[in-house]
């Protein structure tokens, strides 16, 4: 059915290809009771489905064991045990024999019976295991009904994924060799799918309601990630138009790729360090491919969110080490300590229901109240620092005492590791993520106790302008080019440089080619952004003279309003 | 039949990974191993019944082994629970 949908632009790029619709296959259950003589046949059907599912999971297990995901392998191992659990078998057999049900009904009902038992448990982590029981039951049902499930990490051919939503776990495990683009019914520009798609350079559109009803599996789709447009069953004319656009962009990319090994050096001016923002080791190859000189922000939340328990020191260490080694000793990797809060809840860690999660118990506040959590993370970071060039970044700092407390913990961890004879980088640098007005105003005080600053313009802009960018009534007020935000950036750079400290920008503003001239003029030492944005930013900087950058910055700092700032940028 | 009360060492209690380890261990032993907590009973070869014991932080459980080589089986299971961690 020909259709053009205008949804939310999540990640730039054009994708043209067949849709792979991730739809939960409806399996119809025939509730007609079975005669007793049919019971054996239904039992055989059940055991056959379990064998088939077992073979499939065993294949997944060995694949997972060969890949780097120890975590994933263990999850599959648990599912295999559930699959072969005598209690599961007993339950489903009972539904066939005593309940007079056919195999499909017995599997569905038996699973539901066990799921209900799990949902009644008192331990919240164990309650969540109901999902695992449900998943295994669903798998047996699919094998019994002869229905295939799509495995995202091994796609059959190039396609555009169409789904209701993609969990962080699914997005990270995507078969990137075959995924042309993503489109989901749910999600917004700052949702996990969008952020990851941007850093992988995968065109993506989100917030396309009713999509699953309209999209046909295998039908041709055009995705324009930059405009949020999805075209189902395009005309020949539309296809030609978008193919031409695709070719044009590929050519532009080639020109930019030629800059790969060149520095982001201003004309007659300083070099600015361009780094990538990442959320998982999977993004390291893309970062290197786009010429990242380091990782300016490694968001560690996925380790905590994509898990059913607090990640252990070993698990964290192996992830941080993978990134450290992947980027190499000459490319610094800045790891931000745990930054979760009421809006990014963890299933295994009870967090209070807050009226104002952005002004609430989050990030460094949780870590300092629960030092075991921070200690585990810092130990993992310290141990990983022996394998590359790491830096630590504390989020949401508002006071000096937070920095001192965190540093004290870091020193204790270093001491302990020394006594355990575990190597780490003694020069490990520590920084503050400047994202609160308090940190801006106290920048001079904080600068004396850390090695560098990184300015998180996204949250800084929200707090300074008192705007929730996710609130549709006021989202239009959110703009990091607002003079108040620019003056804040200037104050932080000034305080940092007076104390001889490095200062970078890691918010979205840093990857905006329009804004980088301004940031260069403000004296920022580094910019960190989604990897695909690096080449264009580099091209912009190499074409900029320091004199022009300084003049632009001065004029912007004197601008009375946003309109004036935009006029100044438009003139460049 | 031999039995012993053991303290589950893992501070989070008996969770999936550790439970799975116990299942693998029990499957290799000839004796029948069961766990008892209050009214509930679990077969050490059944991960679901182990998880449904709902053993959270700081739990104690009665471990029972019955059959060939039961003493050795009890020791193995008890040692495992005393040292395993998520």
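Consider region A:420-438. How many of its residues are assigned to a loop (DSSP other than H, G, I, E, B), over 17 Å from residue A:380 (Cβ atoms) and in contact with a strand residue (DSSP E or B) (Cβ under 9 Å, 6 or more places away or on another chain)?
Selection size over region A:420-438: 1.
If you check B:14, B:50, which single one turns out to be touching a strand residue (DSSP E or B) at 6+ places or on another chain (Cβ under 6 Å) and within 10 Å of another protein chain (Cβ to nearest Cβ)? Steps first, please.
Numbers: B:14 fails: touching a strand residue (DSSP E or B) at 6+ places or on another chain (Cβ under 6 Å).
Just one listed residue meets the conditions, B:50.
Pull up region B:23-41, narrow it to residues that are in contact with a helix residue (DSSP H, G or I) (Cβ under 6 Å, 6 or more places away or on another chain) and buried (at least 20 other Cβ atoms within 10 Å of the Cβ), then point me to the one that is nearest to residue A:120 (Cα to Cα). Even if it seems obvious, please write down each step before you answer.
First, pick out the residues of region B:23-41 that are in contact with a helix residue (DSSP H, G or I) (Cβ under 6 Å, 6 or more places away or on another chain): B:23, B:25, B:29, B:31, B:33.
Within this subset, residues satisfying the condition of being buried (at least 20 other Cβ atoms within 10 Å of the Cβ) are B:23, B:29, B:31, B:33.
On the way: B:23: 23, B:29: 31, B:31: 31, B:33: 25 Å.
Once the filter is applied, the top-ranked residue is B:23.
I need the full set of residues from region A:284-309 which are under 18 Å from the mean Cα position of the chain (by Cα) and within 14 Å of chain B (Cβ to nearest Cβ), in order please.
A:307, A:308
Hey, can you tell me all the residues within region A:537-555 that are over 24 Å from residue A:275 (Cβ atoms) and out of contact with any helix residue (DSSP H, G or I) (no Cβ under 8 Å at 6 or more places or on another chain)?
Correct list: A:547 only.
How many residues does region A:171-200 contain that are in a loop (DSSP other than H, G, I, E, B), modelled with pLDDT of 85 or more and in contact with a helix residue (DSSP H, G or I) (Cβ under 8 Å, 6 or more places away or on another chain)?
Total meeting the criteria: 1.
Quick one: count up the residues across region A:369-386 that are assigned to a helix (DSSP H, G or I), without any contact (Cβ under 8 Å) to a residue 40 or more places away in the chain and either in contact with a strand residue (DSSP E or B) (Cβ under 7 Å, 6 or more places away or on another chain) or farther than 26 Å from residue A:326 by Cβ (or both). Steps first, please.
At the first step, the residues of region A:369-386 found to be assigned to a helix (DSSP H, G or I) are A:369, A:371-386.
Now drop any that are not without any contact (Cβ under 8 Å) to a residue 40 or more places away in the chain, which leaves A:369, A:371-372, A:374-375, A:386.
Adding the requirement that they be either in contact with a strand residue (DSSP E or B) (Cβ under 7 Å, 6 or more places away or on another chain) or farther than 26 Å from residue A:326 by Cβ (or both) leaves A:369, A:371-372.
So the count comes out to 3.
Please go through region A:51-63 and give me each residue that is within 14 Å of another protein chain (Cβ to nearest Cβ) and either at pLDDT 95 or above or farther than 15 Å from residue A:141 by Cα (or both), ordered by number.
Matches in region A:51-63: A:61 only.
Within region A:317-347, track down each residue that is surrounded by 17 or more Cβ atoms within 10 Å (Cβ to Cβ) and within 14 Å of another protein chain (Cβ to nearest Cβ).
Initially, region A:317-347 is screened for residues surrounded by 17 or more Cβ atoms within 10 Å (Cβ to Cβ), giving A:317-324, A:326-327, A:331-342, A:346.
A:346, the sole residue that qualifies.
Go through region A:137-163 and count every residue that is more than 23 Å from the chain's Cα centre (by Cα) and either more than 14 Å from chain B (Cβ to nearest Cβ) or touching a residue at least 60 places away in the same chain (Cβ under 8 Å) (or both).
Here is the first cut: in region A:137-163, the ones more than 23 Å from the chain's Cα centre (by Cα) are A:137-149, A:156-157.
Subset that is either more than 14 Å from chain B (Cβ to nearest Cβ) or touching a residue at least 60 places away in the same chain (Cβ under 8 Å) (or both): A:138-149, A:156-157.
Within region A:137-163, residues that are more than 23 Å from the chain's Cα centre (by Cα) and either more than 14 Å from chain B (Cβ to nearest Cβ) or touching a residue at least 60 places away in the same chain (Cβ under 8 Å) (or both) number 14.
List the helices (runs of 4 or more DSSP H) that sit entirely inside region A:256-337 and contain at least 1 residues that are within 21 Å of residue A:527 (Cα to Cα) and in contact with a helix residue (DSSP H, G or I) (Cβ under 8 Å, 6 or more places away or on another chain).
Working: elements: A:284-289, A:301-305, A:313-327.
Because the criterion is at least 1 residues that are within 21 Å of residue A:527 (Cα to Cα) and in contact with a helix residue (DSSP H, G or I) (Cβ under 8 Å, 6 or more places away or on another chain), the helices (runs of 4 or more DSSP H) in region A:256-337 that meet it are A:284-289, A:313-327.
Checking residue A:222 against (1) under 26 Å from residue A:518 (Cα atoms); (2) assigned to a strand (DSSP E or B): exactly one of these is not met. Which one?
(1)
Looking at the structure I just gave you, is residue A:295 under 26 Å from residue A:453 (Cβ atoms) and touching a strand residue (DSSP E or B) at 6+ places or on another chain (Cβ under 6 Å)?
Working: under 26 Å from residue A:453 (Cβ atoms): yes; touching a strand residue (DSSP E or B) at 6+ places or on another chain (Cβ under 6 Å): yes.
Here the answer is yes, as residue A:295 does meet what is asked.
So which residues in region B:1-13 are under 21 Å from residue A:78 (Cβ atoms) and out of contact with any helix residue (DSSP H, G or I) (no Cβ under 6 Å at 6 or more places or on another chain), if there are any at all?
Of everything in region B:1-13, those that are under 21 Å from residue A:78 (Cβ atoms) and out of contact with any helix residue (DSSP H, G or I) (no Cβ under 6 Å at 6 or more places or on another chain) turn out to be B:11, B:12, B:13.
Between A:193, A:179, which is surrounded by 24 or more Cβ atoms within 10 Å (Cβ to Cβ) and more than 14 Å from chain B (Cβ to nearest Cβ)?
Details: A:179 fails: surrounded by 24 or more Cβ atoms within 10 Å (Cβ to Cβ).
Unique residue meeting the criteria: A:193.
Could you check region A:88-110 and list, in sequence order, the residues that are within 11 Å of another protein chain (Cβ to nearest Cβ) and crowded, with 20+ Cβ neighbours inside 10 Å?
A:88, A:91
Do we have residue A:134 as away from chain B (no Cβ under 11 Å), closer than 20 Å to residue B:49 by Cβ, buried (at least 23 other Cβ atoms within 10 Å of the Cβ) and under 37 Å from the mean Cα position of the chain (by Cα) here?
On the way: away from chain B (no Cβ under 11 Å): yes; closer than 20 Å to residue B:49 by Cβ: yes; buried (at least 23 other Cβ atoms within 10 Å of the Cβ): no; under 37 Å from the mean Cα position of the chain (by Cα): yes.
No: the conditions fail for residue A:134.
Limited to region B:47-62, what total is found for residues that are in a strand (DSSP E or B), touching a helix residue (DSSP H, G or I) at 6+ places or on another chain (Cβ under 8 Å) and surrounded by fewer than 19 Cβ atoms within 10 Å (Cβ to Cβ)?
The first filter runs over region B:47-62 and keeps only residues in a strand (DSSP E or B), leaving B:60-62.
Imposing the further condition that a residue be touching a helix residue (DSSP H, G or I) at 6+ places or on another chain (Cβ under 8 Å) reduces the set to B:61.
Next, from what is left, pick out any that are surrounded by fewer than 19 Cβ atoms within 10 Å (Cβ to Cβ): none.
Within region B:47-62, residues that are in a strand (DSSP E or B), touching a helix residue (DSSP H, G or I) at 6+ places or on another chain (Cβ under 8 Å) and surrounded by fewer than 19 Cβ atoms within 10 Å (Cβ to Cβ) number 0.
Mind telling me which of the residues A:75, A:121, A:117 ends up being more than 19 Å from residue B:22 (Cβ to Cβ), at the interface with chain B (Cβ under 9 Å from one of its Cβ atoms) and surrounded by fewer than 23 Cβ atoms within 10 Å (Cβ to Cβ)?
On the way: A:75 fails: more than 19 Å from residue B:22 (Cβ to Cβ); A:121 fails: more than 19 Å from residue B:22 (Cβ to Cβ).
After applying the criteria, what remains is A:117.
Is it fair to say residue B:26 is in contact (Cβ under 8 Å) with a residue 40 or more places away in the chain, within 16 Å of residue A:87 (Cβ to Cβ) and either within 14 Å of chain A (Cβ to nearest Cβ) or in contact with a strand residue (DSSP E or B) (Cβ under 8 Å, 6 or more places away or on another chain) (or both)?
Values: in contact (Cβ under 8 Å) with a residue 40 or more places away in the chain: yes; within 16 Å of residue A:87 (Cβ to Cβ): yes; either within 14 Å of chain A (Cβ to nearest Cβ) or in contact with a strand residue (DSSP E or B) (Cβ under 8 Å, 6 or more places away or on another chain) (or both): yes.
Yes.
Quick test for you: out of B:73, B:44, B:65, pick the one residue that is surrounded by 14 or more Cβ atoms within 10 Å (Cβ to Cβ), within 14 Å of another protein chain (Cβ to nearest Cβ), over 21 Å from residue A:120 (Cβ atoms) and at pLDDT 95 or above.
Values: B:73 fails: within 14 Å of another protein chain (Cβ to nearest Cβ); B:65 fails: within 14 Å of another protein chain (Cβ to nearest Cβ).
It is B:44.
Kindly indicate which of A:398, A:381, A:366 is touching a helix residue (DSSP H, G or I) at 6+ places or on another chain (Cβ under 8 Å) and modelled with pLDDT under 95.
On the way: A:398 fails: modelled with pLDDT under 95; A:381 fails: modelled with pLDDT under 95.
None of the other options fit; the residue is A:366.
Show the residue pairs that are 6+ apart or on different chains and have beta-carbon atoms under 7 Å apart, the first residue being within region B:66-80 and outside any helix (DSSP H, G or I), the second being surrounded by 14 or more Cβ atoms within 10 Å (Cβ to Cβ).
Pairs that qualify, where the first residue is outside any helix (DSSP H, G or I) and the partner is surrounded by 14 or more Cβ atoms within 10 Å (Cβ to Cβ), are B:66/B:31; B:66/B:32; B:67/B:31; B:67/B:32; B:68/B:31; B:69/B:31.
Quick check on my filter: what residues within region A:523-534 are in contact with a helix residue (DSSP H, G or I) (Cβ under 7 Å, 6 or more places away or on another chain) and surrounded by fewer than 23 Cβ atoms within 10 Å (Cβ to Cβ)?
Once the filter is applied, which keeps residues that are in contact with a helix residue (DSSP H, G or I) (Cβ under 7 Å, 6 or more places away or on another chain) and surrounded by fewer than 23 Cβ atoms within 10 Å (Cβ to Cβ), region A:523-534 yields only A:523.
The values are calculated or read from the model by the stated rules, or taken from the named source; none is laboratory data. In this text, all values refer to a predicted model and were calculated from it rather than measured experimentally. Glycine gets a Cβ as well: all are built from the backbone with ideal geometry, and neighbour counts include every protein chain shown.
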